[in-house]
Amino acid sequence: MPQTSFPPRSIAIVFGTRPEIVKLSGIVRILGPAARIIHTGQHYDDELSRTFLEEFEIPEPDTRLAIGGERRGAQIGLATEELDRYFTDDPASAVVVQGDTNTVVSGALAANASEIPLVHVEAGLRSGDRRMPEEHNRVIADHLADLLLAPTDVAVANLAAEGISGDRVVLTGNTVVEAVHRILPGSVEQRRLLDEAGVPRNGFVLATFHRPENVDDPERLAAVLDHLGAIPLPVLLPLHPRTRQRIEAFGLEPLPPHINVTPPIGYRDFLGLAAVSAFIVSDSGGVQEEASVLKRPVIVVRRSTERPEVLGTFAELVEPGPALGEVAEKWLADLDGLHRRLADLDSPYGDETAPQRSVDAIMDLVDA
């Protein structure tokens with residue numbers, strides 16, 4: 001992997017969640033010694049975060065914060081204060097953030113306060129749903145950023161509609177495409193994963209849920225679990241700790257017999273299972289992108305999505321309830337045909353060059 005001529009530790013990479021680790025890993029690899037890694041600890045399960053860092057061969061962070069477990073306002077306030085002090089004492093040539101987390105807002109505000117150029121990876125996503133804290137985070141980061149790396153033409157158009165255009169915006173594709181291709185297990189390892197899970201290739205559903213709109217509402221969570229349990233295939237459900245706590249608190253146990261609960265699994269194993277599933281059911285944003293790379297359909301159980309590029313092809317958006325079962329029934333009626341159709345479609349998120357395009361744009365920004 002080619003590396004850059006940036007001075008050592010000159011480009012600050014700020015992340016705090018596992019999806020950020022995934023999507024920034026390719027950029028970190030290309031930057032090499034120029035990357036200065038800052039982990040805010042927003043996802044505070046140290047074992048899970050360490051697994052992701054190891055899977056993507058990301059060096060130990062230069063510094064760690066500890067904002068995990070706090071409410072949103074406290075996370076943003078604490079991280080902003082600490083990052084502002086950190087960048088004042090040890091400035092960087094640029095600060096890179098990714099996505100729509102509380103960490104992104106903190107990194108953006110701190111970079112702005114320290115007058116350091118801000119780079120927003122995966123800029124321009126919009127759901128139009130102001131009930132989502134992530135929507136606020138995206139908008140703030142985009143309007144503060146000096147360089148906006150947009151994954152699709154839709155994202156570029158969203159930015160233009162808000163008066164953000166010109167040299168500030170670069171269409172790069174999504175860095176997740178390279179990450180998925182780099183870490184996806186091969187056929188032998190996929191076979192092992194299937195054997196360990198006790199499910200047949202293309203004959204099970206992989207499900208994940210963690211969003212507050214689903215797991216913090218007992219009626220919505222019950223509806224999700226009931227309709228998952230009604231699908232006539234085994235359902236693998238790696239339980240996010242937050243989801244497990246809510247299921248217990250709401251008295252929703254025992255789960256339907258078709259649902260096989262597993263502990264959280266690493267990203268590599270998740271991709272390996274997703275690639276050989278019948279389909280995926282999830283409320284994750286990243287899974288919508290990953291499904292388009294893996295050529296697998298996904299039922300997105302949410303009120304809205306900031307990734308409309310996959311709707312009608314790789315994804316269907318539904319609320320918890322009968323619609324989930326209706327889409328599953330439709331897909332199962334011609335699953336082989338659906339898989340063949342998706343195999344012939346390109347992912348709307350581009351190819352594996354997004355990390356290099358991103359680093360090239362960062363070089364142009366810093367050298368300008």
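Each reported figure results from applying straightforward, stated rules to the coordinates on display, with no laboratory input. Since this is a predicted model, take the numbers as computed values, not measurements. As a convention, Cβ positions derive from the backbone with ideal geometry for all residues, glycine included, and neighbour counts pool all protein chains shown.
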* Whole-Hz couplings from phi, Karplus 6.51/-1.76/1.60, listed for the stretch 275-291; x for Gly and Pro -> 5, 10, 7, 5, 6, 10, 10, 7, 10, 7, x, x, 4, 4, 6, 4, 4
* Structure fact -> Calculating Rg and Dmax of the Cα atoms in Å from this structure picks out, from (1) 22.6, 71; (2) 21.3, 66; (3) 20.1, 61, entry (3)
* Karplus 3J(HN,Hα) series, Hz, for the stretch 319-334 with 6.51 cos²θ - 1.76 cosθ + 1.60 (x for Gly, Pro) -> 7, x, x, x, 4, 4, x, 5, 5, 4, 5, 4, 5, 5, 5, 8
* Structure fact -> Simple spin-label estimate for ALA323/ALA157, 7 Å along Cα→Cβ, in nm, reads 2.2
* Tell me, what HN-Hα J-couplings in whole Hz come from the Karplus equation 6.51 cos²θ - 1.76 cosθ + 1.60 at θ = phi - 60° for each residue of the stretch 63-79, using x for Gly and Pro? -> 8, 10, 9, 9, 9, x, x, 7, 5, 3, x, 5, 4, 5, x, 5, 5
* To do: Order these peptides, 357-366, 118-127, 193-202, by their mean beta-carbon neighbour count within 10 angstrom, highest first.
  => 118-127, 357-366, 193-202
* Structure fact -> Which residues qualify? For VAL298, with a placed amide H closer than 5 Å and at least 5 residues away or on another chain, they are ILE280, ALA315, GLU316
* Asked: Roughly what would the spin-label model give for ALA249 and ARG303, points 7 Å off Cα along C-beta, in nm?
  -> 1.9
* Would you calculate the separation in nanometres between label points at THR262 and ARG340, each defined as 7 Å from the Cα along the Cα-to-beta-carbon direction? => 2.9
* Over the chain, relative contact order from alpha-carbon pairs under 8 Å, at least 6 apart, % -> 15
